[in-house]
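Following: one structure in structure tokens, then a few remarks.
The values are calculated or read from the model by the stated rules, or taken from the named source; none is laboratory data. Just so we're clear, the structure is a prediction, and the values are computed from it rather than from any experiment. Don't worry about glycine lacking a Cβ; one is built from the backbone with ideal geometry, like all the others, and counts go over all protein chains shown. Each accessible area value is taken on the protein alone, full model and side chains, heavy atoms only, with ligands, DNA and RNA left out. Shrake-Rupley method; radii C 1.70, N 1.55, O 1.52, S 1.80 Å.
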Amino acid sequence: MHLQSLVLLAAASLARAETHDRHDARQTAPAGPEAWTAAYAKASTALAKMSQSDKINIVTGVGWDKGPCVGNTPAIGSIGYPQLCLQDGPLGVRFGTGSNAFTPGIQAGSTWDVELIRQRGAYIGAEARGCGVHNILGPAVGPMGKHPDGGRNWEGFGADPYLQGVAAAATIEGIQSAGVQSTVKHFIGNEQELNRETMSSTIDDRTIHELYLWPFAEAVRSNVASVMCSYNKVNGTWACENDKILNGLLKNELGFPGYVVSDWNAQHTTNGAALGGMDMTMPGSDYSGKSILWGGQLSQAVSSNQVSKARLDDMAKRILAAWYLLKQDSGFPRINIKASVQGNHKENIRAVARDGIVLLKNSGILPLKKPGRLAVIGSSAVVNPKGANACVDRGCNTGALGMGWGSGTTEYPYFVAPYDAIKTRAQSDGTTVTLQNSDSTSGVQSVASGADAAIVFITANSGEGYITTEGVAGDRPNLDPWHNGNQLVQAVAQASQNVIVVVHSTGPIVLETIQALPGVKAIVWAGLPSQENGNALVDVLYGLVSPSGKLPYTIGKSRNDYGIKVSTGNDNFSEGLYIDYRHFDKENITPRYEFGFGLSYTNFTFSDISITSTAKAGPATGAVAPGGRADLFDTVATVTATITNSGAVLGAEVPQLYLTLPASAPSAPPKQLRGFVKLKLAPGASGTATFNLRRKDLSYWDTRLQNWVVPSGSFGVGVGASSRDIRLTGTLTA
Ligand code: NOJ
């Protein structure tokens, strides 16, 4: 299939977003392997014209800080191959001045809206292309988020492999529809910032398949151009020279035709990396510009036959094939990271920011109706007084929060803080707004008392470990709000019985103190809304739209409830499959707000579940295609349900399908997400949610057979409004 067809497919699925009856996430079949076959044919022709030094050049970065992008390889004149530009990152063009700061992955995941996520990807891709970026270093699906306090969880889409997989596939298809290579990262087992460059993640075979490899398989199936190997060791061997995971899992089992690029300085040896399956080293030197493991070293290794010529050819061919796959051999813009490329993309940013907001609690105070006086309280209600971009790579927690910190950030082109947007709205309503733009508890009494509503803003922040913010070196040390947020809310709730708590956070916080206050009438989980922070919030607070986000992780009642801790040494992943809701379910722990939870201003009823199935027990038998054995992706069962908006206002519901494997499957989690749909419904209207279950969705990884197996017996099917609010049940048999 050609790129034009891919673009048409993307357009067709965008169009589908307008209809009422919605199918589950993966209706767009990705381009088949034939797109790669054509790209490989061109790559072979080009390869034949390349000298050995050309081949060494195409696989070796030019060195740290030596080019216009965070990663660069030299141009190869003989084949018209450009100086390749690789640039962060997962939410847009890093260091751009004319580009947008898209919403972080976690906010996109929180929308559970595949078409918005696809559009977000397409716009990120369009901006990257406009800046001459050949390869944008995103999306991130590792970390998966096994630790609720993991520093970089917010770069990905949520603590579930299925949700990560669907969102990553849509993002990649979006990015690559613009003719830009996408890199999915970090492969694999990079679940924490602490010791990420020294630790080993020991992950058992079944767990790696069913959790951590899953979204990468979906990414490969969507023809992702490249995969970034991570800093950590996996089962004792560096990820970037790990034959078992790079050659074994990724290239052989998943049939990945693209190239493996190292994380920046994640390469440790010349020959080990080459033989282990890495294809491109970045940035090409260490950060002092000295130690160079490929380049001349690789050349020597090839000359002395320690690395075969065929392996070097394979690396080069993979890189060339990705370039041809995206049709970057003609008409690609020249590199200009500062190009003006924003277009109308902020509409998507506002939509994702807004539809990712999760309403956790509402005892009738929301939506606001022309309040007489509003109190707005908290340092994060206003933009950082030094400017939204004052801190390098967003490495501070001053003022309103839009994203975490680290390499997965961009500069904000503008920033609408909560107070800015509330003030604008209040002016048109004739509402008086009283602001306290600090987190001090002392003045709060006078600001909050007598207000029709007191909106208090709290935050929790995290990021990449090379920056320490207010003592936090990446991973959060606890799940408390920053800046004494609990005390601030307590003080406000003493002065007012009409408190609305708005949380901006990179991940779960423990809400028990806040939850216990009778004055707290609403909790709005506003997540990480980037530059449209205030506008998105006002849309929801005033009911311009009904909130429709659902939690992409579990909010527990205590940190201990999650069962595991960020590791201080190596991590043997002894929790296995039981992370996030899988753990809470297994241990029968009641969370405060479960995975998939979110309220609306309207009500939805679920009815008429229907299940048809042709599923047969047994292992997959198909030939390997990008993503894994082809028959893993065949639909073997279809579940439909009717969803009715039985309330008074327009709204959107996310019916979610959870599957329970039959007892013949060895110790499987009580339930696992295997489908979701977002349905927008007018009051009184009904829609059909259709979930197509693929063979893989019904399978577990059999470590003895080394294959996916559909277990025999009766599967439990649950369709609900969250992981703990199952409204319809049924069974299917294999
Ligand atoms: C290290 C980060 O882990 C990775 O995500 C990023 O793409 C590179 N640095 C380049 O900035």
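Observations on the model:
- In the stretch 210-236, residue farthest from the ligand (Cβ to nearest atom) [restricted to those that are under 24 Å from T37 (Cα atoms) and of a type in the set (S, T, Y)]: S222
- M403 meets all of the listed conditions (1) aliphatic (A, V, I, L, M); (2) within 28 Å of E464 (Cβ to Cβ); (3) open to solvent by 10 Å² or more (accessible area, probe 1.4 Å); (4) assigned to a loop (DSSP other than H, G, I, E, B) but one, namely (3).
- Filter result (farther than 16 Å from G165 by Cβ and surrounded by 21 or more Cβ atoms within 10 Å (Cβ to Cβ)) within the stretch 645-664: N645, G651, A652, E653, V654, P655, L661
- Checking each residue of the stretch 537-544 against the condition of being at pLDDT 95 or above, hydroxyl-bearing (S, T, Y), surrounded by fewer than 20 Cβ atoms within 10 Å (Cβ to Cβ) and within 27 Å of L650 (Cβ to Cβ) gives at least one match.
- The one condition in (1) in contact (Cβ under 8 Å) with a residue 24 or more places away in the chain; (2) more than 30 Å from E411 (Cβ to Cβ); (3) outside any helix (DSSP H, G or I) that V566 fails to fulfil: (2)
- Residues of the stretch 392-408 that turn out to be out of contact with any strand residue (DSSP E or B) (no Cβ under 8 Å at 6 or more places or on another chain) and within 16 Å of the ligand (Cβ to nearest atom), as a count: 3
- Within the stretch 193-212, residues that are on the phi > 0 side of the Ramachandran plot sit with their Cβ atoms under 8 Å from residues that are more than 16 Å from the ligand (Cβ to nearest atom), at 6+ positions apart or across chains, in these pairs: N195/S567; N195/T568; N195/G569.
- Of the candidates G189, G179, G255, G236, the single residue that is buried (at least 24 other Cβ atoms within 10 Å of the Cβ) and on the phi > 0 side of the Ramachandran plot is G189.
- Failed criterion for I500 (all others in (1) open to solvent by 10 Å² or more (accessible area, probe 1.4 Å); (2) touching a strand residue (DSSP E or B) at 6+ places or on another chain (Cβ under 6 Å); (3) closer than 30 Å to N389 by Cα hold): (1)
- Inside the stretch 500-521, residues that are free of Cβ contacts under 8 Å to residues at least 60 places away in the same chain, assigned to a loop (DSSP other than H, G, I, E, B) and either closer than 25 Å to F157 by Cβ or of a type in the set (K, R) (or both) make up a count of 1.
- Enumerated helices (runs of 4 or more DSSP H) restricted to the stretch 32-126, each holding at least 1 residues that are open to solvent by 10 Å² or more (accessible area, probe 1.4 Å) and away from the ligand (no atom under 16 Å from the Cβ): 33-48, 52-59
- Residues of the stretch 272-312 satisfying the condition of being charged (D, E, K, R) and open to solvent by 10 Å² or more (accessible area, probe 1.4 Å): D286, K290, K309, R311
- Of the residues making up the stretch 192-204, those that are in a loop (DSSP other than H, G, I, E, B), open to solvent by less than 20 Å² (accessible area, probe 1.4 Å) and more than 13 Å from the ligand (Cβ to nearest atom) are M199, I203.
- Of residues in the stretch 237-287 being aromatic (F, W, Y) and within 16 Å of the ligand (Cβ to nearest atom), the one farthest from the chain's Cα centre (by Cα): Y287
- Scanning the stretch 367-392 for residues that are assigned to a loop (DSSP other than H, G, I, E, B) and under 17 Å from V540 (Cβ atoms) returns P367, L368, K369, K370, P371.
- Pairs linking a residue in the stretch 406-425 that is in contact (Cβ under 8 Å) with a residue 40 or more places away in the chain and part of a helix (DSSP H, G or I) to a residue that is more than 16 Å from the ligand (Cβ to nearest atom) and open to solvent by 50 Å² or more (accessible area, probe 1.4 Å), with Cβ atoms under 8 Å and 6 or more positions apart or on different chains, are Y419/L435; Y419/N437; D420/V383.
- Qualifying residue in the stretch 374-381 (condition: open to solvent by 10 Å² or more (accessible area, probe 1.4 Å), more than 16 Å from the ligand (Cβ to nearest atom), out of contact with any Pro (no Cβ under 6 Å at 6 or more places or on another chain) and not hydroxyl-bearing (S, T, Y)): no
- Residue satisfying condition, being part of a loop (DSSP other than H, G, I, E, B) and touching a strand residue (DSSP E or B) at 6+ places or on another chain (Cβ under 7 Å), within set A721, A648, A652, A665: A665
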